[in-house]
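In what follows, a single structure is set out as structure tokens and then discussed.
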């Protein structure tokens, strides 16, 4: 068993790193249902609860819908709740996702990013969480197991902030992150306790704050609630930055807030990524730089709230930019691409952007694939609008030239 | 032409269950039952959900659909309603059928839709590698209950009886002949039938061949499967009785829809716009 009284480095998978982060965050109720590739989280947490190293109650629910429902019930009386899911399980929870965010229940959930049926696939892409972008949950995409552990702790801090009170989804790429073992530093419990105090909120049913929850609204007052929900999500941007800053002061690791940049300062060609593929992109940037091509990577950490200002500042200085989506909104383009373009629409310099849709159903994205993206960005047509539109969205690694 | 066992087996896709899995025997018994009933492969639809049992539908040389977790029954309900000429089988396990999808059994029973639901119970979530299921034995060590399962297991037979499922049988992968007979009767039964098969899991050892051998008496000679109280009595016995627990005749969903239509409009549902597969075959072959 890991001794969280002292600083320790352990060799664990992403799933196990999340479980360690959950234990350090001291949730009171955990409800989850196994689904590949999230299952290890469920198993580790049930072990921790039963061996007494985590003082929480664990509910073996009969479905993901019940996992989310139980988390809502626990949160409604002010308990710190955790659940985890993936893919089909996340979709099955969809009703609860909206309910929890509307009810301002700061539940934290890990989602192992996995493709959606049909056809069946247990392997990773972002189509599950991207389809839940409008559910009112904060969404972070982590790059490695350390970030997964650290963000689990930060997630409660951010979600439970009185100005935020919004549920939080931590996304890990299925298998690539959930099942890959890495050396991870485990923070000390005592320090985590001072970083993350016990959850306290007036938004709960208790003798001190008696209330009835789950009311109806009329057309005359529904929008006020939705406005408040939106405002809280917008306000969470500052809370996220503050949580990152304080975390780095205490634990020595910063993730630079809403986005993280690699070699972007003088970059002419910037690729926007999310999740584990960022590591591959960093390597590709290094090889491009050796060739004298000014490449950079913008790691989009948060999809909600969306870092509009940061994206505009960084990308508007580029010659062209690419967005690597492990998702596609059928009939248009990748969801990240749409969001990035919208952020840029307000800037004076709106460089040409290209959308690379890749990694669907777990297909590998190699360093060479990303190098090709940078080469495509160099060739990105800047005058002929028709040509640009035609080549704007391309599928990576499909055996066709991505410029076609 | 008579159908052979081989006609139901998918020509390319072979089962990938663990060697020794009880589900192999169930698959074989189902296909033998279909052959004995001379259900043609093109008159058959097999629907499954998720889990080891979810693989079931892939192994048929017929119409087959691998559905979402827990929703095999409602998917099959839609399929059967649209194509009542097809024989529709549904496969599930203790996870898919009794946990995430448990709520659907009651409603399939109320409609008495003409489906045969084959539940293969291995008392564990085997595909995700060994977490507790609703039928895990109390005290059993699983990956989500490392110090022993502390929840009560379901009593599925008593549950099906309370739902008034119109054909309820329990058998095991070990009793191949009995399983085949019960499956044949269940498929022939008009209405919602459940064949509940105790199917050993050799990988997670949640339910072993030895466990089953020592605990499976047959329902006694002279047992009356139309006596519901008697059925309840045997469902609650400590030993796991095997055989046909309960059977009753009542109108199926399609018969109910048909009779209301006739009562209100004086005529039947118009079936003229679609031809059944058999009609097409007869017309053109």
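The values are calculated or read from the model by the stated rules, or taken from the named source; none is laboratory data. Computed from a predicted structure; not experimentally measured. When we count neighbours, we look across all protein chains shown, and the Cβ atoms used for this are built from the backbone with ideal geometry, even at glycine.
Here are a few things to note about the model shown:
- Lone unmet requirement of (1) more than 10 Å from every other protein chain (Cβ to nearest Cβ); (2) within 20 Å of the chain's Cα centre (by Cα) for residue A:64: (1)
- Residue A:11 in contact (Cβ under 8 Å) with a residue 40 or more places away in the chain, in contact with a helix residue (DSSP H, G or I) (Cβ under 8 Å, 6 or more places away or on another chain) and not in a helix (DSSP H, G or I): no
- For region A:316-334, filtering for residues that are outside any loop (DSSP other than H, G, I, E, B) and over 14 Å from residue A:355 (Cα atoms) leaves 0.
- Region B:87-106 - residue that is in contact (Cβ under 8 Å) with a residue 60 or more places away in the chain and over 26 Å from residue B:152 (Cβ atoms) and, of those, surrounded by the most Cβ atoms within 10 Å (Cβ to Cβ): B:89
- Pairs where the first residue, in region A:89-108, is at positive phi and the second is buried (at least 19 other Cβ atoms within 10 Å of the Cβ) and modelled with pLDDT of 95 or more, C-beta under 6 Å, 6+ apart: A:104/A:165
- Taking region A:231-258 as the range and being free of Cβ contacts under 8 Å to residues at least 12 places away in the same chain and under 18 Å from the mean Cα position of the chain (by Cα) as the test, the residues that pass are A:238, A:242, A:254.
- Qualifying residue in region B:137-155 (condition: more than 14 Å from chain A (Cβ to nearest Cβ) and touching a helix residue (DSSP H, G or I) at 6+ places or on another chain (Cβ under 7 Å)): yes
- Top-ranked residue in region B:63-86 [being surrounded by fewer than 21 Cβ atoms within 10 Å (Cβ to Cβ) and under 24 Å from residue B:25 (Cβ atoms); ranked as farthest from the other protein chains (Cβ to nearest Cβ)]: B:63
- Unique residue being surrounded by fewer than 22 Cβ atoms within 10 Å (Cβ to Cβ), at pLDDT 95 or above and farther than 25 Å from residue A:283 by Cα when the list is A:342, A:366: A:342
- Checked against the criterion of being outside any helix (DSSP H, G or I), assigned by TED's automatic domain parsing to the domain that holds residue A:28, at pLDDT 90 or above and closer than 24 Å to residue A:54 by Cβ, the candidates A:216, A:200 yield just one match: A:200.
- Single unsatisfied condition, residue B:110 versus (1) more than 24 Å from residue B:67 (Cα to Cα); (2) surrounded by fewer than 18 Cβ atoms within 10 Å (Cβ to Cβ); (3) touching a residue at least 40 places away in the same chain (Cβ under 8 Å): (1)
- Only one of A:71, A:81, A:19, A:56 that is under 20 Å from the mean Cα position of the chain (by Cα) and without any contact (Cβ under 8 Å) to a residue 40 or more places away in the chain: A:19
- The criterion of being away from chain A (no Cβ under 11 Å), under 19 Å from the mean Cα position of the chain (by Cα), at pLDDT below 95 and crowded, with 18+ Cβ neighbours inside 10 Å holds for residue B:175.
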